[in-house]
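Asks: I'd like to ask you about the structure that follows.
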Amino acid sequence: MSAQLARPHILDPHGALDPCATCEARPVSVCNAIADTDLGRLAAIAVVTETEPGQCFIDEGEPANSFFNITAGTAKLFKLLPDGRRQITGFVGAGHFLGLAVSDTYAFSAEAIERVRFCRFQRSKLRMLLDDFPLMEKRLLEVAANELVAAQEQMLLLGRKTARERLASFLLLQSRQGMPCGHSRRRFSLPMTRSDIADYLGLTIETVSRTLTKLRSEGLIDVVSQAEIIVRNPSGLEGLAGGLC
C-alpha cells in the first residue's frame with residue numbers, strides 16, 4: 001500500500017550517517033526530546049516511508065505492531081461503522097505521533113490526503129530505546145494526554161456547538177497544526193475536501209460552504225482558494241469558537 005523510501009544519506013562533520021539531521025518536523029515532534037548526538041540511535045530503528053494520496057497506511061483492526069511519526073503531509077483518521085460508513089475523527093500532519101493506544105490492534109485507520117511521509121518504528125524496538133531516553137518517554141505520555149483532551153474537545157464540538165462555532169474551532173485547530181505550542185498561522189492550507197470537513201464536524205457539505213461564506217462576509221477569514229484560508233480576525237474567531245459571539 002505504501003512505498004518505502006531510501007533512507008536519506010546525510011553526513012555529519014564526523015562522517016556518520018544521520019538521516020534525522022534535517023527533518024523539518026523535529027522541532028514539533030517527540031523526537032526533539034533526544035539530543036542531536038543521540039539521533040543516530042533513533043534513525044537506526046526508523047523506517048522512512050512515503051504514501052500517496054488516497055492510500056491507507058494504518059488499517060483499523062490490524063495488529064498494532066508499529067508507531068508512526070508524521071514528518072510531512074496531511075492524513076485523515078477514521079473509524080468504520082458496521083454498515084460500511086466511516087466517521088472521520090481527526091486530521092494529522094507533521095509532528096503527530098500515531099499508534100500510542102494500548103490495544104493490541106489499531107483503533108482507527110489513517111489515509112493520506114496528500115503525499116505523506118512518516119517514520120515507522122517497531123513497538124518493541126522503540127520501547128527498548130525509551131529505557132535510555134526518559135525525556136522522550138515523557139513526551140509520549142504528554143502526546144497520549146493531549147489525545148484524550150482532543151477526544152473530549154471533539155465530543156463538545158459535536159454535542160454542543162453550533163455550525164459556526166464548529167467551523168471556527170476547526171479553522172483555529174488547523175492554523176495551529178505543525179506549530180509550537182501557543183503559536184498559529186494566519187495563512188494556512190486546507191488540503192482536505194469540504195466533504196471530509198463536513199464528515200469531521202458532523203455537518204452537511206452545503207452547511208460547511210455556507211458557513212465559510214458567512215465567516216468571510218463577517219471579516220473573520222478570507223477564502224483564498226478551495227484549499228487556502230487566511231484568518232483576518234484571530235480574536236474574533238477565537239471568541240466565536242468559544243461561544244462568546
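Asks: Can you run down the residue pairs with Cβ atoms below 6 Å, 6 or more apart or on separate chains, where the first is in the range 138-166 and farther than 24 Å from Arg127 by Cβ and the partner is in a helix (DSSP H, G or I) and modelled with pLDDT under 80?
Replies: Once the first residue is farther than 24 Å from Arg127 by Cβ and sits in the range 138-166, its partners that are in a helix (DSSP H, G or I) and modelled with pLDDT under 80 give Arg166/Leu157.
Asks: Residues that are touching a strand residue (DSSP E or B) at 6+ places or on another chain (Cβ under 9 Å) and in the same structural domain as Asn69 (by TED's automatic domain parsing), at least 2 per element: which strands (runs of 3 or more DSSP E) completely within the range 137-238 meet that?
Replies: The strands (runs of 3 or more DSSP E) meeting that bar number zero.
Asks: Of Leu212, Leu140, which residue is within 30 Å of Glu52 (Cα to Cα), modelled with pLDDT of 95 or more and under 23 Å from the mean Cα position of the chain (by Cα)?
Replies: Leu212
Asks: A further question on this structure: Inspect the range 165-178 for any residue being more than 19 Å from Ile70 (Cβ to Cβ) and surrounded by fewer than 17 Cβ atoms within 10 Å (Cβ to Cβ) and give the result as yes or no.
Replies: No, the conditions are met nowhere in the range 165-178.
Asks: Among the residues of the range 155-171, are any within 23 Å of Ala25 (Cβ to Cβ) and not hydrophobic (A, V, I, L, M, F, W, C)?
Replies: Within the range 155-171, none of the residues are within 23 Å of Ala25 (Cβ to Cβ) and not hydrophobic (A, V, I, L, M, F, W, C).
The values are calculated or read from the model by the stated rules, or taken from the named source; none is laboratory data. Just so you know, these numbers come straight off a predicted model, no measurement behind them. Neighbour counts are summed over all protein chains in view; Cβ atoms, including those assigned to glycine, are modelled from backbone coordinates with ideal geometry.
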